1. Cβ contacts < 7 Å: first residue free of Cβ contacts under 8 Å to residues at least 12 places away in the same chain, restricted to the stretch 58-73; second residue of a type in the set (A, V, I, L, M, F, W, C), any location; separation 6+ or different chain. Result?
2. Just to be sure I understand, how many residues within the stretch 47-60 are of a type in the set (S, T, N, Q) and at pLDDT 90 or above?
3. Mind checking which residues of the stretch 47-68 are among the β-branched types (Val, Ile, Thr), touching a Cys at 6+ places or on another chain (Cβ under 9 Å) and buried (at least 17 other Cβ atoms within 10 Å of the Cβ)?
4. Out of Trp28, Trp44, Trp71, which single residue is modelled with pLDDT of 85 or more and exposed (fewer than 13 other Cβ atoms within 10 Å of the Cβ)?
5. Quick one: Phe10 ticks every box in (1) assigned to a loop (DSSP other than H, G, I, E, B); (2) modelled with pLDDT of 90 or more; (3) not small (Gly, Ala, Ser) except a single one, so which number is it?
6. Please enumerate the residues belonging to the stretch 75-104 that are under 23 Å from Leu58 (Cβ atoms), modelled with pLDDT of 70 or more and among the aliphatic types (A, V, I, L, M).
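The values are calculated or read from the model by the stated rules, or taken from the named source; none is laboratory data. Since this is a predicted model, take the numbers as computed values, not measurements. All Cβ positions, even for glycine, are placed from backbone atoms using ideal geometry, and neighbour counts span all protein chains on display.
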Amino acid sequence: MHAAVLGPTFYSALAVSVLLLHAMFILWVAFGALLTRRRPILRWLHLASLVSGILTELLPWPCPLTVLENWLEGKAGIEPYQGGFLLHYLDKLVYPDISATVLTVAGVIICALNLAFYGRQIWIARLR
């Protein structure tokens, strides 16, 4: 289908859906370790998410969800934001003028704490 047939409202709704998915993914990365106890499949998915989060923060790779959201916003006639998801939304909603470096460091620390949690679980399991 052509963009004119679907209309900007359709793309705007999809962009909002991706925005919500993106927010849930970030919450999953930050707090997923709390949900993975005795669930090996979730644990492996969370570990992969942590690695993905760290790589996205440290390397110049764009987050695929940010790219998709910006594309959908462009199709909806909305000016896509520049920079990362966290910087854009935290700057608007919570911490005005927060630097990208602070967000990157905080994100990596949160991921590292999650990995340390898993490392501790493995250590305890080996001692038993």
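1. Cβ pairs passing all conditions: Trp61/Leu55.
2. Residues flagged as of a type in the set (S, T, N, Q) and at pLDDT 90 or above within the stretch 47-60 amount to 2.
3. Result: Ile54, Thr56.
4. Trp44
5. All conditions are met except number (1).
6. Ile98, Ala100, Val102, Leu103
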